[in-house]
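The values are calculated or read from the model by the stated rules, or taken from the named source; none is laboratory data. Bear in mind that the values here come from a model prediction, so they are computed numbers and not experimental data. Every residue, glycine among them, receives a Cβ derived from its backbone with ideal geometry; neighbour counts consider all protein chains shown. All accessible areas refer to the heavy atoms of the entire protein, side chains included, with ligands and DNA or RNA removed. Shrake-Rupley method; radii C 1.70, N 1.55, O 1.52, S 1.80 Å.
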Amino acid sequence: MARVSLLLCMVILVTLGVLVSLSFAHDTEVTSKHEKSSQKETEVVHKSKHEDEKGGEKVNDDHNAGSDVDKKDKKKEHDVHKKDDEHEKKEHDVHKNDDEHEKKEHDVHKKGDQHEKKEHKIHKKGDHEKDGDKKKSVDHHKNGSGNDDDDDDDDDDDESDSDDDDESDSDDDDDDDDDKDEVDADDNEKDNIGLYELKKGNITIKLTNWGASIMSLHFPDKNGKTGDIVLGYDSVKSYKTDKVYFGATVGRVANRIGKAQFKLDGKEYKTTANDGKNTLHGGKKGFSDVVWGVKKHKYDGKKPHIVFTYTSPDGDQGFPGEVNVTVTYKLDKENELSVVMEAKPKDKATPINLAHHTYWNLGGHNSGDILSEEIQILGSNYTPVDGELIPTGEISSVKGTSYDFLQLRSIKDNMKDLKTGYDINYCLDGKSNKMRKVVELVDKKSGRKLELSGNQPGLQFYTGGMLKDIKGKNRTSYQAFAGLCLETQSYPNSVNIPKFPSQIVEPEKTYKHTMLFKFSVAS
């Protein structure tokens, strides 16, 4: 019995030992798995935090998902296998969420780019609105054809291809530093007649697109008193009936064509006669008698300017070929006005000779005649004319004649033998197509001085001898010699005189005529 009892006790002890061992091994396995699960969970949370630092606030949702894993682990620790399965699923979801976060992060950057693009468009729209406001401001300076009163005028008391050496080649509008304030013309504006203004420093100019003309130019005298020094009319409407070319752009061929005809490439062309049997300044309806388009206009700023455009059709006044023309007036440097005329024939060779026809009186448009003003014309020769003012083809020296103004002298001193004054073409010294000084004009009484530079071979000096009883600005009655014209040009009737400089411009070639007027007060 004792042995049986002893054996039984040993069996029981062995069984208990086995049970204890199995229990210990199971607990060890559970602990090991739990530690591995905690290690994986720590890696997931660490990765989620890393992505949170990289991706911003949107990744916080993924981090919260990691926190939910912790809570579920604590709650369900008794079921390790189930937790491991859920954890692996959660870990997969976290990776999936990370991928989704990277996609969302990309979308955020994309939306940021779109926002910047949108913001750029808003700035652009703001600039456009600014331009619109500026256009309204410019419109304020355009009185239009319906305004017959020029109030500011009542304030008188207070050639071929362009040359690189032209001083006024800076007249390219695109290099204006403040072009953002420049106004492009409305397409409908070409049919309207308006008044436009340019202002810089001491100079204020009014212009109209009828004939691309200057209406007034105000500049101070030696006492600082501003006056209008060009002849003209109070209203834009008056320019439509003008017969003396006040301030106008004249062409297609300025000056005279004898017998209103010429030959070109073996073909004879007849132009409209408007000066007896001859053609003057382009014919009955030359460039001075049409409405020009306004391509650009900038009232003030660093380089105030206006660009007029006109297309002369094939057969216009008898001339061959279509021609596109622009005239640019610009106040570039202080007290300087540049005038640039350009023309390009489309498909036929044609004569082109444009000129600017302002009547100047440095004493003021209503101050009387210009005979006391002093002038220097840097032209050693001139082209004599017949009784109809058509050049004979000769080129004569000015020395010993009434045409000698090589030195500065009073206009009236040389006029003794000329009853109607001067209306003659000078052959200018220096090389044509090169900018050089050609005229100096001084009015001692007012102290005003004008210097003219140009790139043309000739200059028509006209002292206004045919003016008579013309009702001008401020009820002024303009009489003979009330103003003078300084018209840089090609020689008159060149189309019929082969030895004169040619006026013929071939298709797609550009004619360019540049003038620079410098104003000052003589010391």
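Here are some notes:
- Approximate spin-label separation Asp314-Lys270, in nm, with each point projected 7 Å along Cα-to-Cβ: 2.1
- Whole-Hz Karplus values for segment 516-522 come out as 9, 9, 10, 9, 7, 10, 5 Hz, taken residue by residue from phi with 6.51 cos²θ - 1.76 cosθ + 1.60 and θ = phi - 60°; glycine and proline positions read x.
- Cα gyration tensor, segment 378-420 - rounded (a/c under 1.5), prolate or oblate: oblate
- Shape category assigned to segment 314-417 from the gyration tensor of Cα positions, a/c cut at 1.5: oblate
- Inter-site label distance for Lys419 and Ala522 at 7 Å from Cα along Cβ, in nm: 3.1
- Neighbourhood net charge (15 Å Cβ-Cβ; Lys/Arg +1, Asp/Glu -1) for Glu268: +4
- Across segment 379-419, the mean sequence separation of Cα contacts (distance under 8 Å, 6 or more residues apart), normalised by length, yields a relative contact order of 34 percent.
- At R0 = 30 Å, FRET efficiency that the Cβ-Cβ distance of Asp404 and Ser477 yields, to 0.05: 0.40
- Violating pairs (Cα-Cα greater than 26 angstrom) within the set Lys399/Lys499; Lys330/Lys512; Lys330/Lys449; Lys243/Lys434; Lys303/Lys509; Lys206/Lys346: Lys243/Lys434; Lys303/Lys509; Lys206/Lys346
- Highest average packing first - 210-217, 259-266, 232-239, Cβ atoms within 10 Å: 210-217, 232-239, 259-266
- Put simply, the amide H of Tyr426, placed in the peptide plane, has neighbours under 5 Å in Leu459, Gln460, Phe461, leaving out anything fewer than 5 places away on its chain.
- Across Lys240, Lys270, Lys445, the residue with the most accessible area heads the list, and the full order at a 1.4 Å probe is Lys445, Lys270, Lys240.
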